[in-house]
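Asker: Got a structure here, written out as structure tokens. Questions coming.
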Number of protein chains: 2
Amino acid sequence: MPAVAKPSPAANARGRRATRASGDDRERAILETAEQLLEERPLSEISVDDLAKGAGISRPTFYFYFPSKDAVVLTIIDRLVAAAAGSREQALKTLAAGDPRAGLRQGLEDLYSAFSSRRAVTLAAAELRMTNPEARALWAEVMEGWVADVALVIEAERARGAAPPGEPARDLAIALVQMNERVQYATFADESPSLEQDRVLDVLVEIWLRAIYGTAEPN
Amino acid sequence: MPAVAKPSPAANARGRRATRASGDDRERAILETAEQLLEERPLSEISVDDLAKGAGISRPTFYFYFPSKDAVVLTIIDRLVAAAAGSREQALKTLAAGDPRAGLRQGLEDLYSAFSSRRAVTLAAAELRMTNPEARALWAEVMEGWVADVALVIEAERARGAAPPGEPARDLAIALVQMNERVQYATFADESPSLEQDRVLDVLVEIWLRAIYGTAEPN
DNA sequence: AACTTTATCAACACTGTGTCGAGTAAGTCA
DNA sequence: TGACTTACTCGACACAGTGTTGATAAAGTT
């Protein structure tokens, strides 16, 4: 027989066990507690004990379900990311079908709403990214996905003559996607200079359209 | 006589005392240690003990000089910010004088180099901003300064007919300045999708110029 | 030489993390 | 049904890090 096999049902990602017994409820309770507490205060001000208490268990028992506080948040972020990936698929389809400009606006809109509907989690993701390599990698994957898509769209628009040439499509895409991330974060966090919720889309769309389709003619 | 006066020479900002004795060297040693360690690892992996050891003192003695690790970094950031403010002044002058487009590129260039020359500190600032309100406020001030300047420039260019109308100048300025922050951070941190050092300026300048001077004509 | 200011650190109290090992309760099957 | 396994629980511990206290020493001041 093979050396080791760890025949547990489903050694799930992020190092969290895969229960099937009543402990399943506990796991859910921990995740719900985390989401709820994140609405109230930043991740750095939430302790493992807070999560355990919120789920009605002791701190050591928490570690039966998750290897760390970070793992809990990572699990939550996973879900957000999956939802957002859905938005991206959708946006790409819209874009491929009709008018790219309308599609682009639609895409940015979907994206914005995907994250604004989970404001607290989005902010926690940004916080975790600072200290946790796994969170960084996960986010990088997400960003890479969008950048690749956007670069394709820009290239297609240039190919059919709708967009003027300019800096490499991928580079443009990186800057635009990162702009969206930052602008949206600032708005969610209600930072000092930040756009009002209802202005975000108009402004981003104008910049995207001008950056992709516009030229800055001399004088 | 007035109730209390705290006649200490200069009750300096950020809660750090104003020494004049030999302890002045220690203070500098702590700051230098911090900058040096930040080149090696993120702020979250540097402890007060590391700073004390690096400065050749014990941990309690550290607290004689600074009230916390954060205060040390805040002091360092203060300097970076002051230098960057100088860049901004300079950029504004260049902009007011000659061709706004050339001035704009010059401004973005100065800004970029101000931060890239202190990469480690810039990254630490971003990290600290996540958990420390003072760092947040300081950064907000910096951003506000640039946004205000950029908004003025955009309005001036629109007024003299060089730039087309569009979204409110301030909103545009916020998005553009935040884009720069994010793109530069990603490059400094060598994030997964990020621009190469030598591509950052070209890409940012193109987007700025198009966003300010370009129009996205139909089709 | 008495007195103040500056500087130093051992020892402590506290908060938070993660682990160990002893337990219980419920299910499996011989 | 009783021995055995698996899922689950938590008290007690060991650690790492923060910030404070109080005693002390070394300069500088009058």
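Asker: Counting only residues that are in a helix (DSSP H, G or I) and touching a residue at least 12 places away in the same chain (Cβ under 8 Å), which one in region A:190-206 is nearest to the other protein chains (Cβ to nearest Cβ)? Lay out the reasoning, then the answer.
Answerer: Just the residues of region A:190-206 that are in a helix (DSSP H, G or I), to begin with: A:197-206.
Checking the rest, the ones that are also touching a residue at least 12 places away in the same chain (Cβ under 8 Å) come to A:197, A:200-201, A:203-205.
Numbers: A:Gln197: 12, A:Val200: 9, A:Leu201: 11, A:Val203: 5, A:Leu204: 7, A:Val205: 9 Å.
Ranking the candidates gives A:Val203 first.
Asker: For residues that are within 11 Å of the chain's Cα centre (by Cα) and within 12 Å of chain A (Cβ to nearest Cβ), tally how many sit in region B:98-128. Talk me through it step by step, then tell me what you get.
Answerer: To start, the set of residues in region B:98-128 that are within 11 Å of the chain's Cα centre (by Cα) comprises B:111-112, B:114-116, B:118-119, B:121-126.
Within this subset, residues satisfying the condition of being within 12 Å of chain A (Cβ to nearest Cβ) are B:123-126.
Residues meeting the conditions: 4.
Asker: So which residues in region B:24-48 are free of Cβ contacts under 8 Å to residues at least 12 places away in the same chain and either within 9 Å of DNA strand D (Cβ to nearest atom) or exposed (fewer than 12 other Cβ atoms within 10 Å of the Cβ) (or both)?
Answerer: Selection gives B:Glu40, B:Arg41, B:Glu45.
Asker: Here is a follow-up. In region A:49-75, what residues are within 11 Å of DNA strand C (Cβ to nearest atom) and either within 24 Å of the chain's Cα centre (by Cα) or touching a residue at least 60 places away in the same chain (Cβ under 8 Å) (or both)?
Answerer: Passing the criteria: A:Leu51, A:Phe66, A:Pro67, A:Ser68, A:Lys69, A:Asp70, A:Ala71, A:Val72.
Results for (1) at the interface with chain B (Cβ under 7 Å from one of its Cβ atoms); (2) at positive phi; (3) surrounded by fewer than 23 Cβ atoms within 10 Å (Cβ to Cβ), shown as yes or no for each residue.
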| position | (1), (2), (3) |
| --- | --- |
| A:Leu176 | no, no, no |
| A:Met179 | yes, no, no |
| A:Tyr185 | no, no, yes |
| A:Arg210 | yes, no, no |
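Asker: Taking A:Ser113 as meeting all but one of (1) farther than 28 Å from A:Ile76 by Cα; (2) surrounded by fewer than 18 Cβ atoms within 10 Å (Cβ to Cβ); (3) not acidic (Asp, Glu), write down the number of the exception.
Answerer: (1)
Asker: List the pairs whose first member sits in region A:160-174 and is more than 8 Å from chain B (Cβ to nearest Cβ), whose second member is in a loop (DSSP other than H, G, I, E, B) and crowded, with 19+ Cβ neighbours inside 10 Å, and whose Cβ atoms are under 8 Å apart, counting only residues at least 6 apart or on separate chains?
Answerer: A:Pro164/A:Gly214
Asker: Additional query: A:Ala140: within 9 Å of chain B (Cβ to nearest Cβ) and either among the polar types (S, T, N, Q) or farther than 25 Å from A:Pro42 by Cβ (or both), yes or no? Quick ask: steps written out before the conclusion?
Answerer: Values: within 9 Å of chain B (Cβ to nearest Cβ): yes; either among the polar types (S, T, N, Q) or farther than 25 Å from A:Pro42 by Cβ (or both): no.
No; evaluated as a whole, the condition is false for this residue.
Asker: Could you grab me the full set of residues in region A:147-159 that are more than 7 Å from chain B (Cβ to nearest Cβ) and surrounded by 20 or more Cβ atoms within 10 Å (Cβ to Cβ)? Talk me through it step by step, then tell me what you get.
Answerer: We begin by selecting, within region A:147-159, every residue more than 7 Å from chain B (Cβ to nearest Cβ); these are A:148-159.
Across region A:147-159, the qualifying residues are A:Val150, A:Ala151, A:Val153, A:Ile154.
Asker: Being within 14 Å of B:Val121 (Cβ to Cβ) and within 16 Å of DNA strand D (Cβ to nearest atom) narrows it down to one residue among B:Val73, B:Val81; which is it? Give the steps one after another, and end with the answer.
Answerer: Values: B:Val81 fails: within 16 Å of DNA strand D (Cβ to nearest atom).
Unique residue meeting the criteria: B:Val73.
The numbers here are math on the coordinates, done by the rules we state, and not lab data. No experiment lies behind these values; they were computed from the predicted model shown. Using ideal geometry, Cβ is built from the backbone for each residue, glycine included, and neighbour counts are taken over all protein chains shown.
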